[in-house]
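K.L.:
Before I ask anything, let me first share the structure, which is written out below as structure tokens.
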Amino acid sequence: MKAVYFDTHGDLSVLRYGDVPTPEPAAGWVRIKVAACGLNYLDIFSRRGMPGIKVELPGITGGDCAGVIDKLGQGVEDWQVGDRVLPIPHHVDWTGGRFELLGETRRGALAQYCTVRASQLMRIPDNVSDEKAAALPCAYGTAHRMLHTRGQIRAGESVLVLGASGGVGTACVLLAKRAGCTVIAAAGSDEKCAKLTALGADATINYATTAIDSYIRDKTGSLLRGGGVDVVINFTAGDTWTPSIRCVKRFGRLLCCGGTGGYAAPTDIPYLFTSEMSIIGSTGWTREDQQACLDLVAGGDFDPPIDRIVPLSDGIAAVRALEERQVFGKVIVKP
Ligand SMILES: NC(=O)c1ccc[n+]([C@@H]2O[C@H](COP(=O)([O-])OP(=O)(O)OC[C@H]3O[C@@H](n4cnc5c(N)ncnc54)[C@H](OP(=O)(O)O)[C@@H]3O)[C@@H](O)[C@H]2O)c1
């Protein structure tokens, strides 16, 4: 089968498009003929290599996969060849310490076929396209858990989203608006900010030209005068961590699910204890989160933005666009 793969970890230059063996489903697993694969920043981290995470080489990324079951492994009874499915990319056994992730520790869907456990499968409603379904698991599942389960966002709260133009970012904007929050979306260009306004953001900040902490202080006042926003969402960390702490109002929350810009970041300790804010981590998502996002799209008034849909043969260029921050929303690759 054709795939975008790498034989060794490294930068974009290690990616290849070509033939690799077609996987066979083990007992209890199924093989999926991939119809659409959604890219995430995880594809980049997995290809570069992450400490403590073992990737089977040749590596094939792509955890978000919509497609049809093409072959059943021995003993699979509840599913049929031809069923349209959107697997939950991860398999976690907390008691046994076992963690598997499609497109990371296991070969993924940036290929014509991939295999998953039958227990990971979820049906795609008829009125949801392969492309929209494949946009959901990692970005929308993560945002759903971070905002609702971990962040407990409420109608009327103000929410500042950094990196709002990306997959998780646009998901946070849409979900927070849907929850009745006022959303300030921060991104790296005027063009992206205009698109965020069109998506529903109440205000935008181009952080390439405007410091987010100065902007929030100007608009809402200082911490001691009740200024700041209720919730800041930051999955960029690095240089953005300290200023984003200074945007949180008294008793507010800072939600974090990643650190694209760097994991080592100083914390403004006086601001942390003076504000009595909470820093809340969030990782991954549950079957319920993924189902909730699928139901929202099936409901007809929730529409994840897709920047581009490209053939698998252009998959390397699509990863490049994501890595170079040339994307608004999701990138979908179709074998
Ligand atoms: N813990 C979890 O379970 C989990 C799950 C999903 C994602 N994540 C993490 O969340 C982050 C976002 O993932 P994603 O798939 O949404 O990525 P994405 O679609 O590429 O979006 C990331 C956005 O962040 C902004 N950004 C700011 N600083 C950046 C930098 N130094 N390098 C690249 N982009 C930067 C970019 O927008 P501008 O150009 O407008 O700044 C970009 O659009 C990643 O760190 C990812 O690992 C974690």
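K.L.:
Considering only residues that are of a type in the set (A, V, I, L, M, F, W, C) and not in a helix (DSSP H, G or I), look in the range 36-50 and name the one that is nearest to the ligand (Cβ to nearest atom).
P.N.:
Only one residue tops the list, namely 39.
K.L.:
Can you tell me how many residues within the range 150-177 are without any contact (Cβ under 8 Å) to a residue 40 or more places away in the chain, away from the ligand (no atom under 15 Å from the Cβ) and among the β-branched types (Val, Ile, Thr)?
P.N.:
So the answer is 0.
Table: residues versus (1) surrounded by fewer than 24 Cβ atoms within 10 Å (Cβ to Cβ); (2) under 14 Å from residue 33 (Cα atoms); (3) more than 16 Å from the ligand (Cβ to nearest atom); (4) of a type outside the set (D, E, K, R).
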{"site": "90", "(1), (2), (3), (4)": "yes, no, no, yes"}
{"site": "97", "(1), (2), (3), (4)": "yes, no, yes, yes"}
{"site": "102", "(1), (2), (3), (4)": "no, no, no, yes"}
{"site": "109", "(1), (2), (3), (4)": "no, yes, no, yes"}
{"site": "139", "(1), (2), (3), (4)": "no, no, no, yes"}
{"site": "148", "(1), (2), (3), (4)": "yes, no, no, yes"}
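K.L.:
In addition: Check 272, 254, 296 and return the single one that is away from the ligand (no atom under 15 Å from the Cβ) and under 20 Å from the mean Cα position of the chain (by Cα).
P.N.:
296
K.L.:
A further question follows. Name the pairs whose Cβ atoms lie under 8 Å apart, with the first residue in the range 63-92 and at positive phi and modelled with pLDDT under 95, the second buried (at least 16 other Cβ atoms within 10 Å of the Cβ) and not in a strand (DSSP E or B), and 6 or more positions between them or separate chains?
P.N.:
Matching pairs, first to second residue: none at all.
K.L.:
Any residue at all in the range 264-281 that's out of contact with any Gly (no Cβ under 7 Å at 6 or more places or on another chain), surrounded by 20 or more Cβ atoms within 10 Å (Cβ to Cβ) and in contact (Cβ under 8 Å) with a residue 60 or more places away in the chain?
P.N.:
Scanning the range 264-281, I find no residue that is out of contact with any Gly (no Cβ under 7 Å at 6 or more places or on another chain), surrounded by 20 or more Cβ atoms within 10 Å (Cβ to Cβ) and in contact (Cβ under 8 Å) with a residue 60 or more places away in the chain, so the answer is no.
K.L.:
Report yes if some residue within the range 282-298 is at pLDDT 95 or above, touching a strand residue (DSSP E or B) at 6+ places or on another chain (Cβ under 8 Å), buried (at least 16 other Cβ atoms within 10 Å of the Cβ) and outside any loop (DSSP other than H, G, I, E, B); otherwise report no.
P.N.:
no
K.L.:
Identify the residue in the range 1-27 that is surrounded by 14 or more Cβ atoms within 10 Å (Cβ to Cβ) and assigned to a loop (DSSP other than H, G, I, E, B) and, among all such residues, is nearest to the ligand (Cβ to nearest atom).
P.N.:
9
K.L.:
Tell me which residues, restricted to the range 277-293, are under 30 Å from residue 244 (Cα atoms) and either of a type in the set (S, T, N, Q) or within 15 Å of the ligand (Cβ to nearest atom) (or both).
P.N.:
Selection gives 278, 279, 280, 281, 282, 283, 284, 285, 286, 289, 290, 293.
K.L.:
Residues in the range 305-335 that are within 18 Å of residue 163 (Cβ to Cβ), outside any loop (DSSP other than H, G, I, E, B) and either free of Cβ contacts under 8 Å to residues at least 40 places away in the same chain or away from the ligand (no atom under 12 Å from the Cβ) (or both): how many?
P.N.:
2
The values are calculated or read from the model by the stated rules, or taken from the named source; none is laboratory data. Small disclaimer: the values here were computed from a predicted structure and weren't measured. Ideal geometry is used to build each Cβ from the backbone, glycine not excepted, and the neighbour counts take in all protein chains shown.
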